[in-house]
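Worksheet for the structure shown next.
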Amino acid sequence: MSLEKVLHKIQSQINDLTPNLELFVDETIQPTVDTCEKLQQQLVQLQENLAVYKYNKINKEISPSFSIHAKVSEKELPKEKVEEIKNGIKLTITEEKPEIFQPKIESKVEVKTEEANESKIVLPMLIGINDKFRFINELFKQNNSEYNIAIEQLNTLKNWRDTEIYLNSLRTLYEWKENNEVANHFFSIAKKRFS
């Protein structure tokens, strides 16, 4: 069942619950046993649908704003870069586990320099645990999944120009101020990949 159908069913069940709930709010009326049983059945059905909705939301949805990130990438980057980003991202849902500080080096990006036709390996962004939580809380509005998507997309970019374009689009999207110390630190960590 799609998320929209489940959500629509939940909304209609809530609308059906309203008259029975009003009986329990009014102090002058004492609900009958039948009314209590009917309300209980409606609440059980609602709870089941909420569980289905929650399961689908957790297991099927990557992030509420993944489409926003994709649209930002499409507007700011050339079409071939957007395809690389879309193909380069590993979209997996994992169980949250406490992190031990160890930089994750999952992938390397090989970049050919134009000067000497040499290949230069660009490592992924190395972000300490304190910086990570600071970025999530202050830059990504406390949304861990949006932060992870942004980092994965940044790690797939092969040059500073594309990275800067993407970072500026994030700045616009999340309304980071130009003089924001945390945003500037985030930019500097991203730039270190290319130096």
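Numbers below:
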item	result
Filtered residue count, the range 120-159, keeping only those that are of a type outside the set (S, T, N, Q), farther than 17 Å from GLU181 by Cβ and not in a loop (DSSP other than H, G, I, E, B)	11
Test result for ILE62, closer than 29 Å to LEU167 by Cβ, outside any helix (DSSP H, G or I) and either modelled with pLDDT of 60 or more or among the β-branched types (Val, Ile, Thr) (or both)	yes
Pairs where the first residue, in the range 167-185, is under 17 Å from ILE127 (Cβ atoms) and the second is of a type in the set (Ser, Thr, Tyr), C-beta under 9 Å, 6+ apart	ALA183/TYR174
Filter pass, ASN87 being over 23 Å from SER188 (Cβ atoms) and either at pLDDT below 55 or not charged (D, E, K, R) (or both)	yes
Which numbered condition ILE121 fails, given (1) among the hydrophobic types (A, V, I, L, M, F, W, C); (2) at pLDDT below 55; (3) touching an Asp or Glu at 6+ places or on another chain (Cβ under 7 Å)	(2)
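The values are calculated or read from the model by the stated rules, or taken from the named source; none is laboratory data. Bear in mind the structure is a predicted one, so any value in this text is a computation, not a measurement. Positions of Cβ are backbone-derived with ideal geometry, glycine not excepted, and every protein chain shown enters the neighbour counts.
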